[in-house]
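The values are calculated or read from the model by the stated rules, or taken from the named source; none is laboratory data. Since this is a predicted model, take the numbers as computed values, not measurements. Positions of Cβ are generated from backbone atoms using ideal geometry, with glycine treated the same way; all protein chains shown enter the neighbour counts.
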Amino acid sequence: MEEGIRWVKTHCARMDHGGCALLVGVKGDEIVQIKGDPEGYLNHGYTCFKGRVSADRLTHPDRLRHPLKRVGERGEGRWQSISWDQALEETAENLLKIKEKHGARAVGFGVGMPKGLEHFVLIRLANIFGSPNVIASQDVCHAPREVTGVHTCGFYPVADLHNPSRLLFLWASNLTATNEEGQIVSLLHDQLKKGARMIVVDPRRTELAERADLWLQLRPGTAQALALSIMHVICEESLYDREFVEKYTHGFEDLREHLKAYPPEKMAEVTWVPADRIRQAARMYAEAKPAALQWGNPLEHDVHAFDAVRSLACLMALCGNLEVPGGNVHAREPKIMGLAQFVRADLIPDKRKDMVSAHHRVIPRLMTIPPAYFRRAVLEGVPYPVRGYYGMCTNPLVNWADSRLTHEAFRSLDFMAVAEIFMTPTAAMADIVLPVAHQYEMNDIGHYGIGHGMIFARPKIVEPPEECWPDMKIMNELGKRVSPPDLWPEDHEQFLEDLVRPAGLTYREFVGKGYLKGPEIVRSYETKGFPTPTGKVELRLSTAEKFGLKPLPEFTGFPEEDDPEYPLLLISAKSRYYLLSSYRWVKRLREKCPHPTVELHPDTAARFDIRDGDDVVIETKYGAITQKARVTDIVHPLVVSASLGWWFPEGDPAGQYEWQTANFNMLTSAGKLGKEFGTPNLKNLPCRIRRKA
C-alpha cells in the first residue's frame with residue numbers, strides 16, 4: 001500500500017444513510033485518501049464520488065469551530081463566540097423556562113433522516129425531558145413505507161438484494177444517484193450480471209431505465225393507479241400465487257372485486273403508461289419467482305402516499321414475494337439493545353396521546369411529528385403551544401414544504417438552538433449554534449433503527465477541532481442540565497457500549513468485526529403466521545374502521561387538480577453529489593454540480609423559447625424560483641424536474657444565504673396534507689415556466 005499511509009476500515013456516513021465500507025488513508029492526523037473496501041458487505045469495493053471526497057467536509061475554512069450566540073435580531077447573521085459552558089447553560093435555561101411556563105411538550109426536538117446513533121440519543125433526550133414531540137421528515141421519508149408495511153403484513157418489506165432474484169422491480173428508485181437505506185447500487189449490478197431482469201417505473205429515463213427490460217414512464221402522482229392496474233391484470237389472468245393468497249392473505253376477494261375498476265385501458269389514460277405495457281409488467285412480475293420490489297422515497301412525496309405504498313405491499317403479497325429469499329423480506333435485527341430501551345420510552349408512557357399529531361389522528365406507529373403539524377402548534381397553538389426548538393442534522397428552512405411558513409415559525413419561537421458543522425439557513429435563525437464533530441472525528445454506529453437488520457461500525461479516525469463535539473456528547477451534557485443527571489452516562493461513548501453489549505461485544509470488538517447482521521429467517525409465516533391482527537397479510541385492513549384508514553388502496557385523483565394556468569407537472573430528483581440540502585459548500589462537490597438546474601424536454605424548451613443554460617422561472621400557485629435550464633429528453637414533454645435543496649453558502653448571512661432564490665420548497669405548500677402521515681405534496685405539482693427576462 002501507499003508509503004506512509006495508515007489505512008483504517010470504517011463505513012460511509014452522512015452522505016446518505018450510509019453503509020458503504022471504506023478504507024480511509026491517514027497521514028498524521030489528516031485524511032489523505034478514501035476508497036471503497038472490497039470486503040464491504042453492501043458495496044463490495046464500490047463507493048460514489050461523494051464518499052471519496054467526504055473528508056473535505058472536515059477542513060473547510062468556514063467550518064463552525066466555536067459555540068455561537070446570536071447578536072441582534074434573529075436571522076440577522078451576527079454572532080459572538082461563547083464557551084461551551086455558557087452555550088449549554090443558556091440552552092438548558094431557556095428550554096427549562098419554556099417547560100415551566102407551557103410544559104415539556106412545548107419544546108420540539110428536531111432531526112433529519114437517521115445518520116447515526118445521535119438520532120436516537122435525540123429521541124432519548126426528548127423522552128427524558130418529557131416532550132413527546134420529535135419533529136422529523138418521516139412524513140415524506142421512510143415512514144409511509146415502513147409503517148404501512150407494518151399495518152399490511154406486520155413488518156417493513158425490504159427488497160432482498162443479497163439473494164438471487166429473477167426480476168428486480170424498481171419503483172421510483174434510482175440507486176445510481178441515491179442509495180436508499182442500505183440498498184447500494186453495487187448489489188443491484190451484481191443481480192443484473194447474474195441474469196436478473198429489470199422493470200423500472202420512473203417519470204425520468206434514468207440510467208437504470210436505459211438498462212431495463214421494461215421502462216414504465218408514468219405520469220407523476222399516479223403510482224397507485226398503475227399498481228392497482230397491474231394487480232387487476234394479475235387477478236384477471238389468474239397469475240397470482242394461489243396457495244399463498246388462499247392460506248396467508250386476508251380480504252383477497254374484496255381486493256379482487258375492487259380491482260375491477262382499474263383495467264389497463266382505463267388506467268393508461270390516467271398514468272400515461274400504455275395498456276400493453278401495464279399487462280407486460282404484470283406478467284413479468286407475476287411469473288418471476290422470486291422477484292424483489294425495490295421502492296424509493298418519491299412514493300412518499302404526495303398526499304396519496306398511503307395508497308401508493310399500500311398498493312405495492314399488496315402487489316408483493318399477491319405474487320407470493322413476501323418473506324422469501326430474493327423477494328421482499330422481514331429484516332431481523334442482530335442481538336443488540338432494542339430501540340425502546342435505548343430511547344427510554346418507559347419514561348414517557350403517554351407519548352402517543354400527548355404528541356402534537358395525536359390531535360390530527362395520524363396513522364398509529366408514526367412516532368414523530370410531521371413538520372406541518374409542528375408549525376401549526378408554533379403559529380396557531382393547535383392543539384397546544386410549542387415555543388422552543390432544538391435541532392441537529394437537519395436544515396428544515398430549505399427541506400420542509402412551504403419554506404416561508406417554516407421561516408415564519410422559526411422567527412416566532414421563544415428559543416431555538418441548532419447543532420451544525422457549517423452555518424446553514426436554518427442555523428442562521430437560531431439563538432445558539434453548537435459546532436459539531438463530524439464523521440471520521442467520532443465513534444459512531446450506523447444503520448441502527450432503520451429496519452434493515454444490520455448495524456455498521458464507524459470508528460473515530462482523526463481528532464475534531466478542539467471545540468467541536470459529537471452530537472451525542474452535546475445532548476448527553478445538555479441532558480444532564482435539563483433532567484436528572486443519573487439518567488445520563490458520565491461519558492457519551494457509553495451509548496456505543498450499551499448498544500452492542502447484548503451481542504457479547506465491546507464497541508472496540510464490534511469495530512473489529514465491522515458490522516452485525518440479524519438472522520435470515522424466511523417463510524416464518526408457515527408456522528407463526530404474519531404479525532398482524534388477522535395473522536395474515538391484510539389486503540383488506542381489518543383495523544381500517546378502528547383507525548379511520550381506508551380498507552383497500554384506491555386511486556381517487558391526482559395530488560392536485562389539473563390547472564390550465566399551470567400546464568406542466570413539476571417533480572424533483574435528488575442529486576448524486578449532495579445529500580438533500582447538505583454540502584453546497586464542499587468545493588469538489590460544488591464543482592460537479594455548481595448550479596440548481598431544471599430538466600425540460602426539447603419540445604417544451606422550444607414551446608417556451610428556452611435554451612440550454614438559460615435562467616428559467618419555475619412557478620406554481622404557491623411561489624416562484626429561478627434555476628438553470630437543462631434541455632434533455634429524459635423527461636416527458638409535460639414534465640419538468642427541478643433541483644432540490646438549494647441555498648447559497650456564498651450568499652448574504654443576513655438573508656439566510658439566499659434560501660428563497662432557487663429553493664424547491666418555495667413552490668410547495670403545507671395546506672393540503674395526506675391524512676395518514678400529514679404528508680404534503682412535495683412533487684407532482686402543476687407549474688408553468690418562462691425564460692427569465
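Here are the numbers for this structure:
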{"read-out": "Total residues in the range 459-479, condition more than 14 Å from Pro67 (Cβ to Cβ) and out of contact with any Leu (no Cβ under 9 Å at 6 or more places or on another chain)", "value": "5"}
{"read-out": "Output for the range 297-344, where each listed residue is within 19 Å of the chain's Cα centre (by Cα), in a loop (DSSP other than H, G, I, E, B) and farther than 15 Å from Gly453 by Cβ", "value": "His301, Asp302, Val303, His304"}
{"read-out": "Selection within the range 473-504 - assigned to a loop (DSSP other than H, G, I, E, B), of a type outside the set (S, T, N, Q) and in contact with a Gly (Cβ under 9 Å, 6 or more places away or on another chain)", "value": "Trp488"}
{"read-out": "Unmet requirement for Leu516, which otherwise passes all of (1) in contact with a helix residue (DSSP H, G or I) (Cβ under 8 Å, 6 or more places away or on another chain); (2) under 30 Å from Val324 (Cβ atoms); (3) assigned to a loop (DSSP other than H, G, I, E, B)", "value": "(3)"}
{"read-out": "Helices (runs of 4 or more DSSP H) lying entirely in the range 29-130 (those with 2 or more residues that are in contact with a helix residue (DSSP H, G or I) (Cβ under 9 Å, 6 or more places away or on another chain) and in the same structural domain as Ile348 (by TED's automatic domain parsing))", "value": "84-102, 118-129"}
{"read-out": "Selected residue (only one of Gly678, Gly671, Gly651 is at positive phi and out of contact with any Cys (no Cβ under 9 Å at 6 or more places or on another chain))", "value": "Gly678"}
{"read-out": "Positions within the range 131-155 being in a helix (DSSP H, G or I), more than 21 Å from Gly19 (Cβ to Cβ) and touching a strand residue (DSSP E or B) at 6+ places or on another chain (Cβ under 6 Å), in sequence order", "value": "Thr152, Cys153"}
{"read-out": "Failed criterion for Lys9 (all others in (1) touching a Gly at 6+ places or on another chain (Cβ under 8 Å); (2) over 30 Å from Ile450 (Cα atoms); (3) among the charged types (D, E, K, R) hold)", "value": "(2)"}
{"read-out": "Top-ranked residue of the range 380-411 - restricted to ones that are among the aromatic types (Phe, Trp, Tyr) and touching a helix residue (DSSP H, G or I) at 6+ places or on another chain (Cβ under 6 Å), ranked as farthest from Lys99 (Cα to Cα)", "value": "Trp400"}
{"read-out": "Residues being over 24 Å from Lys536 (Cα atoms) and either at pLDDT 90 or above or among the β-branched types (Val, Ile, Thr) (or both) - total across the range 166-187", "value": "15"}
{"read-out": "Of the criteria (1) without any contact (Cβ under 8 Å) to a residue 12 or more places away in the chain; (2) closer than 17 Å to Trp646 by Cβ; (3) not charged (D, E, K, R), which one Ala606 fails", "value": "(2)"}
{"read-out": "Every pair of residues 6+ apart whose Cβ atoms lie under 6 Å, when the first sits in the range 521-539 and is closer than 25 Å to Met454 by Cα while the second is among the polar types (S, T, N, Q)", "value": "Val537/Thr249"}
{"read-out": "Any hit, the range 54-67, residues being under 24 Å from Leu161 (Cα atoms) and within 22 Å of the chain's Cα centre (by Cα)", "value": "no"}
{"read-out": "Which listed residue is under 24 Å from Trp400 (Cα atoms) and assigned to a helix (DSSP H, G or I), from Leu589, Leu570", "value": "Leu589"}
{"read-out": "Filter result for Val378 (in contact with a Lys or Arg (Cβ under 7 Å, 6 or more places away or on another chain), crowded, with 23+ Cβ neighbours inside 10 Å and assigned to a helix (DSSP H, G or I))", "value": "no"}
{"read-out": "Some residue of the range 300-320 being surrounded by fewer than 23 Cβ atoms within 10 Å (Cβ to Cβ) and touching a His at 6+ places or on another chain (Cβ under 8 Å)", "value": "no"}
{"read-out": "Answer residue from the range 156-185, given it is among the aliphatic types (A, V, I, L, M) and in a loop (DSSP other than H, G, I, E, B) and is farthest from the chain's Cα centre (by Cα) among those", "value": "Leu161"}
{"read-out": "Inter-residue pairs, beta-carbon under 9 Å, first assigned by TED's automatic domain parsing to the domain that holds Asp202 and in the range 226-253, second of a type in the set (Asp, Glu) and exposed (fewer than 15 other Cβ atoms within 10 Å of the Cβ), 6+ apart", "value": "Leu239/Glu287; Lys247/Glu526; Tyr248/Glu526; Phe252/Glu246"}
{"read-out": "Pro325 outside the structural domain of Pro164 (by TED's automatic domain parsing) and out of contact with any helix residue (DSSP H, G or I) (no Cβ under 9 Å at 6 or more places or on another chain)", "value": "no"}
{"read-out": "Members of the range 347-375 that are in a helix (DSSP H, G or I) and crowded, with 19+ Cβ neighbours inside 10 Å", "value": "Lys351, Asp354, Val356, Ser357, Pro371, Ala372, Tyr373, Phe374, Arg375"}
{"read-out": "Single residue of the range 1-28 satisfying the filter (in contact with a helix residue (DSSP H, G or I) (Cβ under 7 Å, 6 or more places away or on another chain) and in a loop (DSSP other than H, G, I, E, B)) that is modelled with the lowest pLDDT", "value": "Met15"}
{"read-out": "Hey, Leu347 under 23 Å from the mean Cα position of the chain (by Cα) and of a type in the set (A, V, I, L, M, F, W, C) or not", "value": "no"}
{"read-out": "Unique residue being buried (at least 24 other Cβ atoms within 10 Å of the Cβ) and within 17 Å of the chain's Cα centre (by Cα) when the list is Ala136, Ala126", "value": "Ala136"}
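Okay, residues lined up against (1) at pLDDT 95 or above; (2) in a strand (DSSP E or B); (3) buried (at least 22 other Cβ atoms within 10 Å of the Cβ):
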{"residue": "Phe410", "(1), (2), (3)": "yes, no, yes"}
{"residue": "Val418", "(1), (2), (3)": "yes, yes, yes"}
{"residue": "Leu434", "(1), (2), (3)": "yes, yes, yes"}
{"residue": "Glu466", "(1), (2), (3)": "yes, no, no"}
